[in-house]
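Trainee: Please read through the structure below; I'll follow up with questions.
The values are calculated or read from the model by the stated rules, or taken from the named source; none is laboratory data. Quantities reported herein were computed from a predicted structural model and do not represent experimental measurements. For neighbour counting, all protein chains shown are included, and Cβ atoms are generated from backbone atoms with ideal geometry for every residue, glycine included.
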Amino acid sequence: MVSKYARRSGGLIACVIMPVNKHNGLLLITAASGKQATGLLPHLKDWRRLRLQVNSKASRDRLQKQWPDAEVVIADLASQADCDRILEGVTACYLVTPGFHEHETEMGYHVIDAARVQGSDFKHLVFSSVLHSCVRKMINHDAKRYIEEYLVESGVPFTILQPTTLMENLPIAKLVGEAEPTHTMLWNPSTVFSFVTARDAGEAAANIFAEREKHLYASYELVSTPTPHSYNEAISIVSEELGKEVSIKQLPIEEGAKMFATMLSHGDIKEAAFANTQGPARMFMYYNDKGLIGNPNVLEMLLGRKPMDYREWVKASIEEAKGEGQEKTSI
């Protein structure tokens, strides 16, 4: 039992840090149907009590089937009442906020406020932010920067994760299934990025939850790749591992922003209006000239091993995609 200190608006308060109780502690994961949670959940088998937040009945039904022992709940993080409800009795929370949502910042605030209401029973909030949240030119980065600031000043015991661009944003399964695969790029494919796989990020987050005390009040940049790659280079690696050429089709920014906004709104064309395309358009303009570059040393420390490089991830993803294809064929 160790005494630590958290900062509230009125100063410092002492809080008692107890050993992590995976059997009785309740862990909440927001955006549980997304890529980040998909990378985290397989590493939480020792947690007997999981609460998974989703936005739709379809996501709830899918996750309940996949994780039958978990409690899957539909909740709107834009509602303070919903956040209070899903945080009730929770001891730890993995907070992922939806990028480019008009109320993303407020959603983060709502979850943090709901955690504060739980008082000393709440032990740890791990916020998945973004690499270089200080880059204010991108709306999705700026929204998370405000959440980071609010969390740091909240008094809630926290750890901030700052993952770079996910490797999983490249649809390997789609490319595997196409005779003449094409990847659509929404910005300059020559721009260089550091990448992280959700597999590494999820394992690191699970370690942080398990080793809570040593990670309190830390901020960690999450990067897997030791060498930055452009998407031209990434697609070349995919082509080599697939044994067939993958071509790249680059869309104009305006067309790409509308396509991206339509995807975020699950095909609702009305929601892909001017206001909802500005955030993606600004990101694509930024990525036309500048990427996100980071260092894998911190992630290696969190994992206790070397993170996956891009080719390792491509090989593993192709094998998985082919295996899933065979399962569907045999059904």
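Trainee: Counting only residues that are in contact with a Phe, Trp or Tyr (Cβ under 9 Å, 6 or more places away or on another chain), crowded, with 20+ Cβ neighbours inside 10 Å and more than 18 Å from Ala204 (Cα to Cα), how many does segment 115-132 have?
Mentor: Total meeting the criteria: 1.
Trainee: Looking at (1) modelled with pLDDT under 95; (2) basic (Lys, Arg); (3) surrounded by fewer than 16 Cβ atoms within 10 Å (Cβ to Cβ), find the lone condition where Arg311 falls short.
Mentor: Checking Arg311 against (1) modelled with pLDDT under 95; (2) basic (Lys, Arg); (3) surrounded by fewer than 16 Cβ atoms within 10 Å (Cβ to Cβ), the one that fails is (1).
Trainee: From the set of residues in segment 65-80 that are assigned to a loop (DSSP other than H, G, I, E, B) and over 20 Å from the mean Cα position of the chain (by Cα), which is surrounded by the most Cβ atoms within 10 Å (Cβ to Cβ)?
Mentor: Here the answer is Ser79.
Trainee: Filter segment 133-161 for residues that are free of Cβ contacts under 8 Å to residues at least 24 places away in the same chain and not in a helix (DSSP H, G or I); which is nearest to Phe195 (Cα to Cα)?
Mentor: Ranking the qualifying residues of segment 133-161, first place goes to Cys134.
Trainee: Another question, if that's okay. Is it true that Leu161 is in contact with a Leu (Cβ under 8 Å, 6 or more places away or on another chain), among the hydrophobic types (A, V, I, L, M, F, W, C) and crowded, with 18+ Cβ neighbours inside 10 Å?
Mentor: When the stated conditions are applied, Leu161 passes them.
Trainee: Now a separate question. Considering every residue within segment 138-149, establish whether at least one is farther than 27 Å from Ala257 by Cα, at pLDDT 95 or above and either surrounded by 19 or more Cβ atoms within 10 Å (Cβ to Cβ) or touching a helix residue (DSSP H, G or I) at 6+ places or on another chain (Cβ under 9 Å) (or both).
Mentor: For segment 138-149, residues farther than 27 Å from Ala257 by Cα, at pLDDT 95 or above and either surrounded by 19 or more Cβ atoms within 10 Å (Cβ to Cβ) or touching a helix residue (DSSP H, G or I) at 6+ places or on another chain (Cβ under 9 Å) (or both): absent.
Trainee: Hey, does segment 103-125 have a residue that's among the aliphatic types (A, V, I, L, M), in a strand (DSSP E or B) and out of contact with any His (no Cβ under 6 Å at 6 or more places or on another chain)?
Mentor: The answer is yes, given that some residue of segment 103-125 is among the aliphatic types (A, V, I, L, M), in a strand (DSSP E or B) and out of contact with any His (no Cβ under 6 Å at 6 or more places or on another chain).
Trainee: Given the structure, is Val130 among the aliphatic types (A, V, I, L, M), modelled with pLDDT of 95 or more and part of a helix (DSSP H, G or I)?
Mentor: Against the criterion (among the aliphatic types (A, V, I, L, M), modelled with pLDDT of 95 or more and part of a helix (DSSP H, G or I)), Val130 does not qualify.
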